[in-house]
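Chemist: Take this structure first; my questions come after.
Values in this text are rule-based calculations from the coordinates and carry no lab data. These numbers were taken from a predicted model, which means no experiment stands behind them.
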Amino acid sequence: MNCVKCGAENPNAAVFCGVCGAKLESPEEKREKIRRLEQELRELEEKKEKREEEAAALREQIGCAEERVRGLREEKSRLIGLLLSEGGEV
Ligand SMILES: [Zn+2]
């Protein structure tokens, strides 16, 4: 079994590296770590997908709001135009 820290070869039963003293991970510990990382990855990907859906919904809301602003500006211009044509003051 090779030390992950210094790369030295150690007996399979060793718990600590004979060269640098680092804790050696058994194959079972490595497999467990891989399982944890895969689980974490899955959760992050789910989170990312959710955020992307939220972002898409927000973009749609922004689009609607922009359309409403455009409509209100046009309505305002139209009313100002009407007032002016009637000789009124704005
Ligand atoms: Zn080592």
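Chemist: Classify the range 17-90 as rounded, prolate or oblate, taking a ≥ b ≥ c as the square roots of the eigenvalues of its Cα gyration tensor: rounded when a/c is under 1.5, otherwise prolate if a/b is larger than b/c and oblate if not. Spell out each step's value before the answer.
Modeler: On the way: a/c = 15.73, a/b = 5.14, b/c = 3.06.
Prolate, since a/c reaches 1.5 and a/b exceeds b/c.
Chemist: While we're looking at this one, here's another question. For the chain, with a Gaussian network of springs between Cα atoms less than 10 Å apart, report the residue from E53, E28, E38 with the top mean-square fluctuation.
Modeler: So, out of E53, E28, E38, the one fluctuating most is E28.
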